[in-house]
Amino acid sequence: MKLGYNTWSMPNTPFGEAVQLLSRIGYDSVEVTVCEGWRTDAATATDEDVVQWRASAAAAGLDISSVTANAPLVCDDDTWSESRRRLIRSFEVAAILGDGRALPVSLGVHKPKAPLLGGNPPPIVAQDSWETDRTLIIDRFGELVESAVALGCSVALEPHAGAVVSTPEHALAVLDGVRSPALGINLDISHFAVRDFRLEDVVASLLPQAVVVEVKDHRRTADGFDFLIPGEGEFDYPDFLRLLADGGYEGTVSVEISVRRQALADFDEAKAAKLSYRTLTDAAEAAAVVRGGLR
């Protein structure tokens with residue numbers, strides 16, 4: 001099992017500096033976020049930029065494990081046209097980064113919302129329109145998967161506590177509707193840990209289809225929950241790593257720090273990466289899980 005970090009957690013750090021930092025800390029791999037507002041925004045990057053990112057990761061000794069994209073999927077035709085252009089470009093970037101490997105591109109399923117970065121994000125609430133939007137979602141994922149395969153990458157659907165696809169059942173229904181080996185699951189366990197899901201059941205249901213696994217921390221509050229840096233909250237990392245190992249997972253477990261935590265005044269991108277690494281390496285030792293890919 002490898003330990004990775006998502007540059008979603010480092011929107012202000014140039015990619016070359018980010019991978020050098022992650023390498024010094026001890027990470028095995030990096031997920032590249034290509035969303036609007038990040039230093040690696042797919043829509044503004046040239047192919048030459050992307051080749052340089054790939055070279056920078058290789059020089060730092062880090063594997064690129066996946067790509068994170070973001071655009072509204074449940075929306076009107078005009079908005080979808082813009083989303084599709086952004087996502088197609090994200091697939092092109094993933095293909096360059098993969099350099100012959102079909103990297104998964106992670107996507108949530110949400111309606112248009114406020115910009116992700118900056119300000120104080122509102123509470124996370126599921127966009128409860130699955131029953132009415134199910135057919136639209138399956139059709140659009142079918143279209144996206146075809147495009148991803150043609151361009152040389154794959155797609156990872158991420159069930160999200162604040163999205164239309166928010167449960168294991170929703171996610172598996174999309175996979176069943178699309179029926180493509182190029183569509184898998186991004187198992188970000190945090191979106192189930194903050195709600196009333198039995199994590200053993202979630203892992204048993206989604207891990208067989210998981211091509212990306214992510215973690216963050218959380219704390220329950222009187223009006224819901226807060227997402228936190230690993231080590232700041234109450235998530236049981238050793239137990240989760242044991243569940244993954246028992247399920248035969250040998251891929252990467254990547255840290256993704258929520259923009260909600262990034263919005264707090266004390267957030268420091270480098271300190272968050274260091275605390276996350278200590279938390280996950282301690283958890284792997286406590287769970288007797290063997291780290292693979294150590295440099």
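Readers should treat all values here as calculations from the given coordinates under stated rules, not as data from a laboratory. Note that the structure is predicted; figures quoted are calculated from it, not measured.
Can you tell me which of 151, 136, 62 moves the most in a GNM of the chain? Springs connect C-alpha atoms under 10 Å apart. Largest GNM mean-square fluctuation: 136. Take the chain, connect every pair of alpha-carbon atoms lying under 10 Å apart with a spring to form a Gaussian network, then pick out the residue of 71, 171, 265 with the largest mean-square fluctuation. Among 71, 171, 265, the largest mean-square fluctuation in the Gaussian network model of the chain belongs to 265. In region 2-286, the DSSP beta bridges split such that about 15 percent are antiparallel, to the nearest 5.
Looking at region 150-245, the DSSP beta bridges with both ends there are about 40 percent antiparallel. Sequence-distant contacts, meaning Cα pairs under 8 Å at least 6 residues apart, place the relative contact order of region 2-286 at 18 percent. State, as an integer percentage, the relative contact order of region 141-279 based on alpha-carbon contacts under 8 Å between residues 6 or more apart. Reported as a whole number, the value is 19 percent. Taking the structure as given and computing Cα extents along the principal axes in Å, which label from (i) 62, 46, 36; (ii) 47, 46, 39; (iii) 50, 43, 40 fits? Matching the structure shown: (ii).
Pairs from the table (113/216; 111/216; 216/271; 113/271) lying more than 18 angstrom apart at Cα are 113/216; 111/216; 113/271.
When the helices of the chain are scored as -39500 (n - 2.57) per DSSP H run of n ≥ 4 and the total is divided over every residue, the value at 222 nm lands at -13000 deg cm²/dmol.
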